[in-house]
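**Student:** What follows is a structure written as structure tokens; I'll ask about it next.
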Amino acid sequence: MDTRIEAALGLHQLEGFLYREAGRREAYRKAREFARELPGLTTDQRRMIEEAYAQEQLANARETTRHVAERIQQVEAQYATRHRRFARGAAVAMTVVTMGLIGLCIAVILGTAAGAA
């Protein structure tokens, strides 16, 4: 594999890892803030609540990411369909124009030949 491709793949994987880690850290930060607002909890209770809250945040983030990815695929499919239609229409239009120009050239050639005879 080309080293540039490997480097790009590695950077993409690193970016994904850093993004997930940032999301994980943010989920646990929010969980700590949430648990801090609950008075009278033991340390174990606070940890359990923090863990449950953080896991829920991460699950919500995964679900949102999945929905966004699905929507991106839908939009890509819609644009691909539109592009195919446009390309087909452009090809038909170019064919019609080309045939018209060929017909015009033939008419001019025949007209010139008939006028010379």
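**Student:** Can you list residue pairs whose Cβ atoms sit under 8 Å apart, with the first residue in the range 58-75 being on the phi < 0 side of the Ramachandran plot and the second being open to solvent by less than 100 Å² (accessible area, probe 1.4 Å) and part of a helix (DSSP H, G or I)? Count only pairs 6 or more apart in sequence or on different chains.
**Tutor:** Once the first residue is on the phi < 0 side of the Ramachandran plot and sits in the range 58-75, its partners that are open to solvent by less than 100 Å² (accessible area, probe 1.4 Å) and part of a helix (DSSP H, G or I) give LEU58/GLY23; LEU58/ARG24; LEU58/ALA27; ALA61/GLY23; ALA61/ALA27.
**Student:** Quick one: in the range 38-57, of everything that is touching a Lys or Arg at 6+ places or on another chain (Cβ under 9 Å) and in contact (Cβ under 8 Å) with a residue 12 or more places away in the chain, which residue is farthest from ARG20 (Cα to Cα)?
**Tutor:** Per the criteria, the residue is GLU50.
**Student:** Look at ALA35 and say whether it is among the small types (Gly, Ala, Ser) and under 30 Å from GLY16 (Cα atoms).
**Tutor:** So ALA35 fits the description; yes.
**Student:** When you go through THR65, THR81 one by one, which is the residue that is of a type in the set (S, T, N, Q), in a helix (DSSP H, G or I) and open to solvent by 60 Å² or more (accessible area, probe 1.4 Å)?
**Tutor:** Values: THR81 fails: open to solvent by 60 Å² or more (accessible area, probe 1.4 Å).
It is THR65.
The values are calculated or read from the model by the stated rules, or taken from the named source; none is laboratory data. Since we're looking at a predicted model, the values are computed, not measured. A quick note on method: Cβ atoms are made from the backbone with ideal geometry, for glycine too, and the neighbour counts reach across all protein chains shown. Ligands, DNA and RNA are excluded from the accessible area calculation, which covers all protein heavy atoms including side chains. Shrake-Rupley method; radii C 1.70, N 1.55, O 1.52, S 1.80 Å.
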